[in-house]
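S.K.: There's a structure below that I have some questions on.
Where a number appears in this text, it was derived from the coordinates with a stated rule and is not lab data. Just so we're clear, the structure is a prediction, and the values are computed from it rather than from any experiment. For neighbour counting, all protein chains shown are included, and Cβ atoms are generated from backbone atoms with ideal geometry for every residue, glycine included.
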Amino acid sequence: MSSKKSKELERNIKKSNLKIIDIKFDCEKGFKTKKIKSFVEKSVDQTLEILEYKKRKTYVSVFLTNNEEIKKINSKYRKINKSTNVLSFPQNEQRMISNLDNYLVLGDIVISLEKILSEAHQKKINFFDHLLHMIVHSALHLYGFDHSNLKESIVMEAKEKDIMKKILLES
């Protein structure tokens, strides 16, 4: 890990004793980086707050990218050669982060901002509302929720709606 990355991680750890949300932004399609990163960090933080029944130190990485990059990742790890809106890679294991403390590494979230924007236009919904939905959806995957059958889909969708409602009430 580079010295710059290590210092950035330590700043993130100092911000919150319980959660580290590590956000990487690599999407040069006219998106306002600072505004989106702030929104994603707040949304992930609130989602984790709602999902955490016990307070524990948690780490999540989020990679904000474009259709081309998410397509490569989807092809490499899921053998599906197309872009998608979001990918979740659960890890759920304890690890020492930057020699400071043990954290539960929930996993990685990859989001195509391009895909979210195009879906929001198609559905005639607000970009940030759709982005929030995809953040909640992907966080639920990190916690083990799935939608591979009807029963799981119903449970996951109800949980998504509940979390989004709580977040929107807090905002």
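S.K.: Could you tell me which of Gly30, Ser83, Ala158 has its Cα farthest along the dipole of the chain towards the positive end, charges placed at Cβ (Lys, Arg +1; Asp, Glu -1), taken about the Cα centre?
M.R.: Highest projection toward the positive end goes to Gly30.
S.K.: Still on this model: Quickly estimate the mean residue ellipticity at 222 nm for the chain, helices only: each DSSP H run with n ≥ 4 gives -39500 (n - 2.57), and the total goes over all residues, rounded to 500.
M.R.: -17500 deg cm²/dmol
S.K.: Which value, in debye to the nearest 20, describes the size of the charge dipole of region 15-171 about its Cα centre when Lys and Arg Cβ atoms bear +1, Asp and Glu Cβ atoms bear -1, and nothing else is charged?
M.R.: Once rounded to the nearest 20, the dipole reads 140 debye.
S.K.: Past the 16 angstrom mark, what percentage of all C-alpha to C-alpha distances in region 74-120 do you count?
M.R.: Tail of the P(r) past 16 Å holds 54 percent of the pairs.
S.K.: Just grab the label-to-label distance for Ser118 and Ser153, each label 7 Å out from Cα along the Cβ direction, in nm (one decimal).
M.R.: 2.3
S.K.: A further question on this structure: Output the direction-averaged projected area (hull surface divided by four) of the convex hull of the alpha-carbon atoms of the chain, in nm².
M.R.: Hull-based average projected area comes out at 10.7 nm².
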